[in-house]
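Scroll down for the structure; my scribbles are underneath it.
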Amino acid sequence: MENLFPTPLEQLRGIGPKTQQRLNDAGFRTVGDLIMHFPYRYGDYTPTPIDQFIDGEKVTMIATIVSPLVISRPRAKVLVKFNVQTYGIVFAVQAFGRAYLAQQFHSGDQVLVTGKYQAKNQSVQLDEIKAYQPEQLAQFVPVYSLPVGMKQSYFREFIAQALQDYCQQIPEYLPDDIRERYKLIPLANALTWLHFPQNAQQLKHAKRTIKYLEFFLFELKLAIKSRCQKQTQVGTPKQLDILQLRDFEAALPFELTSAQQKVVREILQDLQAPWLMNRLLQGDVGSGKTVVSALAMFGAVSSGYQSALMAPTEILAQQHYQSLQQFFAQTSLNIAILTGSTKVKARRELLAALASGEIDILIGTHALIEDPVVFAKLGCVVVDEQHRFGVKQRQRLRNKGEAVDVLYMSATPIPRTLAMTAWGDMDVSVIDQLPAGRKPITTKVVTKKHWNEIIAFLEREVAKGRQAYLVCPLIEESETLDVQNAIALFENIKQTLPKRQVGLMHGRLAPSEKDEVMEKFKRHETDILVSTTVIEVGVNVPNATVMVIYDANRFGLSQLHQLRGRVGRGEHQSYCLIVGPDGQSESRERLEVMEKTTDGFEIAQYDLEFRGPGDFFGAKQSGLPQFRLADLIEDQVILNFARADAYEIAFQHKLTPTLQAYVEPVLTSHQQND
Ligand code: ADP
Ligand code: MG
């Protein structure tokens, strides 16, 4: 709807050059810009409650005139004075330069008055006055954010004018069957009613229609892009060895959950299809994404290609390497690992084996995307914790083969449609189930006052042979933030529990130091690991059963959920203590969500509502689309339908001429890029 009516503003009746300039300065260039500038609220004439009469501020009242209107001429100016009464209080009204008012209004009239309130003499400096007519339904008068120096009533008239003159020409984007299906109204009506609704019903219909339309048009462009890509990006359909895959799956130490089976099917279909896979695999912490990636990589290998998996840290890469070695132990596959710490000689041999095709699967860190890394025939790439890599990094790995299928993995589950909208044209698979038999982690929100209890609890678990994580947001003391910090906490715990082995982990350690700390914890040479959030991702120490998170209100809920996911990975009951602020507060209530649920999707949903999508996705994902009326969080149901409809129309080539014209720029730019 961006280019609705490119007609320049000067062609609109009643706009003089000065006003035109003002509107231009505020970014309004076309009639469409005006029409698409929606009211941010309605009801400019809602009476101001008496306790909100603030000196010097604008007030609105429905009042009765209780005096004659008296004209005087102080210092050669016309001044009209009269009294009105509302809330049983009499206010003196003063209007300069408007002698005609004395003709129009009389004592006893019911009027609607707006003006600036002055407390010292209980008076109102008149702005607007009109006869009060209850049937006018003053609460539906639109209120706009305004260009500098322009009045609401004036601006309102331009909008009305624009709608009146151009209403007939508003194109209808939505096909009839869709409009009928959801009882949406024609766009021309919707726009008119959105600006000037006569009742709540009209406003509701207008909003529904425009929200749907905004999502629909956005998703339609995505759909067309995706359709173009599937047509032109000719991948190589891979001939998978299904029998070999089946044997591999059967020999795994566990049975796949049905959610895992479903996403494996989706992935294998992509590998076999003539287009390139570009798929995001979402699954809660512990939902078993690694084994799914193993099946994807094995699928590609079974059809004669090499596969690679890239993880954001050395620790994670090592961990994947170990898990995958176990999974592939029964096969004759050749797996290798390449990271920044791979020694020169080993690296040279590895690169040679990779280039000759001896290595089937390569696991690693960013080291994988360096130039000397050359594959003989790379066919499938898995990127773990995809949000930790930049677009360019992901692209570089993909470019190491001819037609590489890519699977991105993410443990921050967000609603499916939202994910697809945020990440453009990626397909999304979701593992929405945990393997059976997981014990829910017992979670409790506590405060710093519980220090002794926390220590006692730690000691008890450690005495049983378990291990614990203590996480806090900052590394060092900060003067501005009153937060627990890792170094102080580390010293404190060492003193409090002198017999226990305590480790310290934070982002300022060199990579090799980090690995050493982590390895020690894995080997159970340390009992308690004090850390900043660097341990957040994927670390797997099944013997750790306690997670204590300090200053938890500094974290998003999804992040807390990730941290909590570091425990509960073994056979023992696990616990998460969330140290929040004292007393009852909004941020404490938010933390208590963690006590109520362990479902990452539910938590993400809550987080999204609480923080808003911009904050939730963070700067890296700033590609989120902006809508004028529709809200990505509140209106997810509409988004789901609009997306499904747009994809159906795009892929079944059911575009109306209006829609065809709308997506034309997408088609053109796609052709140019190829
Ligand atoms: P994440 O999705 O967080 O990366 P992982 O892939 O690390 O999860 O899996 C967590 C643990 O669950 C691993 O120890 C893995 O071997 C195990 N696992 C995965 N799938 C299943 C399953 N279907 N049944 C039982 N255990 C499973
Ligand atoms: Mg993982």
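The values are calculated or read from the model by the stated rules, or taken from the named source; none is laboratory data. Just so it is clear, the model here is predicted, and its values are computed rather than measured. In this analysis, Cβ positions are derived from the backbone assuming ideal geometry, glycine residues included, and neighbour counts consider all displayed protein chains. Just so you know, the surface numbers come from the protein's heavy atoms only, side chains and all, with ligands and any DNA or RNA stripped out. Shrake-Rupley method; radii C 1.70, N 1.55, O 1.52, S 1.80 Å.
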Summing -39500 (n - 2.57) over every DSSP H run of at least 4 residues in the chain and dividing by its residue count gives a helix-only mean residue ellipticity at 222 nm, to the nearest 500 deg cm²/dmol, of -12000 deg cm²/dmol
Over the Cα atoms of the stretch 7-101 the radius of gyration and the largest Cα-Cα distance (Dmax), both in Å, equal 19.4, 51
Around ASN189 (Cβ within 13 Å, Cβ-to-Cβ, excluding ASN189; K/R +1, D/E -1) the net charge comes to +4
The farthest towards the positive end of the charge dipole of the stretch 414-457, of the residues THR442, ILE414, ILE455, given +1 on Cβ of Lys and Arg and -1 on Cβ of Asp and Glu, is ILE455
Taking a probe of 1.4 Å and leaving out DNA, RNA and ligands, the chain shows per residue an accessible area in Å² of 47
With +1 at each Lys and Arg Cβ and -1 at each Asp and Glu Cβ, the charge dipole magnitude of the stretch 196-237 around its Cα centre, to the nearest 20 debye, comes out at 40
Under a 1.4 Å probe, counting only protein heavy atoms, LEU69 has an accessible area in Å², nearest 10, of 30
Cα extents of the stretch 180-246 along the principal axes, largest first, in whole Å, come to 67, 28, 16
Taking every other residue with Cβ under 15 Å from the Cβ of PRO175 and scoring Lys and Arg +1, Asp and Glu -1, one gets -3
Note to self: C-alpha centroids of the stretch 1-73 and the stretch 370-446 sit apart, in Å, by 49
Dipole check, the stretch 211-253, charges on Cβ (K,R +1; D,E -1), about Cα centroid: among GLN239, GLN229, LEU217 the Cα furthest to the positive pole belongs to LEU217
To the nearest 10 degrees, the tilt of helix 344-356 (Cα long axis) against the first principal axis of the alpha carbons of the chain is 80
Here the alpha-carbon Rg of the chain over 2.2 N^0.38 Å rounds to 1.24
Relative contact order as a percentage, the chain, C-alpha pairs under 8 Å and 6+ apart, gives 12
For the chain, the longest principal axis of the Cα atoms and the Cα long axis of helix 657-673 enclose an angle in degrees, to the nearest 10, of 40
Once the dipole of the chain is set up from charges on Cβ (+1 Lys and Arg, -1 Asp and Glu), the residue from the list ALA92, GLN260, THR192 lying farthest towards its positive end is ALA92
A convex hull over the alpha carbons of the stretch 271-327 yields, per residue, a volume in Å³ of 103
Note, ASN121: beta-carbon cut-off 12 Å, +1 each Lys/Arg, -1 each Asp/Glu, net +1
To the nearest 20 debye, the chain has a Cα-centred charge dipole, built from +1 on Lys and Arg Cβ and -1 on Asp and Glu Cβ, of 960
In the chain the accessible area split gives carbon plus sulfur, as whole percent at 1.4 Å, a share of 49
Taking only the alpha carbons of the stretch 87-189, the radius of gyration and the largest Cα-Cα distance, Dmax, both in angstrom, are 20.3, 62
Restricting to lysines and to Cα separations under 20 Å from LYS204, and discarding same-chain partners fewer than 8 apart, the set is LYS183
Contour minus Cα-Cα span, GLN85 to ILE242, at 0.36 nm per residue, comes to 48.0 nm
Evaluated at 4 °C and 1.567 mPa s, the Stokes-Einstein D of the stretch 147-266 based on the Kirkwood radius over Cα pairs, in µm²/s, stands at 66
Looking only at aspartates and glutamates whose Cα falls under 15 Å of LYS130's and that sit 8 or more positions away or on another chain, we get ASP44, ASP109
Here the percent of antiparallel bridges among DSSP beta bridges lying wholly in the chain, to the nearest 5, is 35
The helix 511-522 Cα axis meets the longest alpha-carbon principal axis of the chain at an angle in degrees, between 0 and 90 and rounded to 10, of 70
Taking a straight Cα-to-Cα line shorter than 16 Å from LYS377, and setting aside same-chain aspartates and glutamates fewer than 8 residues away, one finds GLU358, ASP360, GLU402, ASP405
Answer in debye to the nearest 20: the dipole magnitude of the stretch 17-101 about its Cα centre, from +1 Lys/Arg and -1 Asp/Glu charges placed on Cβ, is 520
